[in-house]
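Only the coordinates and a few stated rules stand behind these numbers; no lab work does. Because the structure is a prediction, the values reported are computed rather than measured. All Cβ positions, even for glycine, are placed from backbone atoms using ideal geometry, and neighbour counts span all protein chains on display.
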Amino acid sequence: MTPEQTQFFRDRGYHCLRGFYGQATMEPLRRHVLDELKRLRIWASGRKLSRTLDDIPHFQQIGRLAQMVHKPRDFQNRLIAPELVAAMCALAGTELVSAQDAQWLLSLPHQADWSLSGLNWHVDVDGGAQAKRLPGVQAFVLLDDVAPRGGATLAIAGSHRDPGVRTWLQQGGDAGQQLRARGLELLEMSGQGGDVYLMDMRLVHTPSINAAKVPRMMATARYFAST
Ligand SMILES: O=C(O)CCC(=O)C(=O)O
C-alpha cells in the first residue's frame, strides 16, 4: 500500500482493489453459486424457478440465501488470500484476525425499482463512528460483475468520522438529497468479478435493491483488530 492509499483509507474508510482476483479464481465460485441456486430450484438459465422467497422482504432474502446456499469446501481461504489479509493489515496499520467465517451476499434480480429510500443502514460494530480506533476491516469480494443498481452493498464514505450520519439516515427521508447537501460520497460497491472492496467497519452501510436482470453475487469476511 502506498502512503496515499493508506491516507485515503483513513479519511474515507474504504479502498477498492480492482481486479484483485482473476477469473480463474472467481469462476468456480460463481459456478458453484449458480449450481446451488439451480439445486434449490430458485434460479437457472436466466429465470426464476419458484416463488420460494417471494414472501420474504428483499433484505431478509439475503440472509435466507446465505443459509440455504451451501459453501464450498475451504470457502474462507478461497475467498480471502493471504495477500488480501496483508493488504487489510497494511491499511489498518495493525494485525487483524478473522472474526467469523466468510458469508455469501447474494440477492435475486428484479427486486424492485432502485431507490435510496427504505434501506437498512447500520454498522456491525459497537459504537460505530463513536469508536476512536478502527475496530476491524470487512472485505467485500465481487464473485461476478455487479452493475450499478445491481444490488451491491452501499456505504457512506467518511461516515466513520461523523457520528451524526447514521442517526439521520435511520430517520428516513430522502437519503440521496441529504448526502448531496452534506457533500458525502455514496460508495456503491459495484464493479467486475474479482474486484474487492475493503471497508473500515465503522462505516455506515446497507444492502441495496437489485434492480438488474441477474443475481448479485458477492461474499464478505470480517477481520478484527487484534489489540
Ligand atoms: O450487501 C449486503 O447484502 C449487505 C452487507 C452488509 O450489510 C454486511 O455484510 O454487514
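A straight Cα-to-Cα reach below 25 Å connects Lys71 with the lysines Lys38, Lys48, Lys213, residues fewer than 8 places away in its own chain not being considered.
With a/c under 1.5 counting as rounded, go ahead and sort the chain into rounded, prolate or oblate using the C-alpha gyration tensor (a ≥ b ≥ c being the square roots of the eigenvalues; past the cut-off, prolate if a/b is larger than b/c, else oblate). Verdict is oblate for the chain. Sorting the segments 85-97, 142-154, 45-57, 162-174 by their residues' average number of neighbouring beta-carbon atoms within 10 angstrom, most packed first, yields 142-154, 85-97, 162-174, 45-57. Modelled spin labels at Arg161 and Glu185, positioned 7 Å past Cα toward Cβ, are 1.1 nm from each other. Amide H contacts of Ser208: Leu154, each under 5 Å away and 5 or more positions distant or on a separate chain (H built 1.01 Å from N in the peptide plane; Pro and chain starts excluded). Per residue of the chain, the DSSP helices (runs of n ≥ 4 H) give a summed -39500 (n - 2.57) that works out to -9000 deg cm²/dmol at 222 nm.
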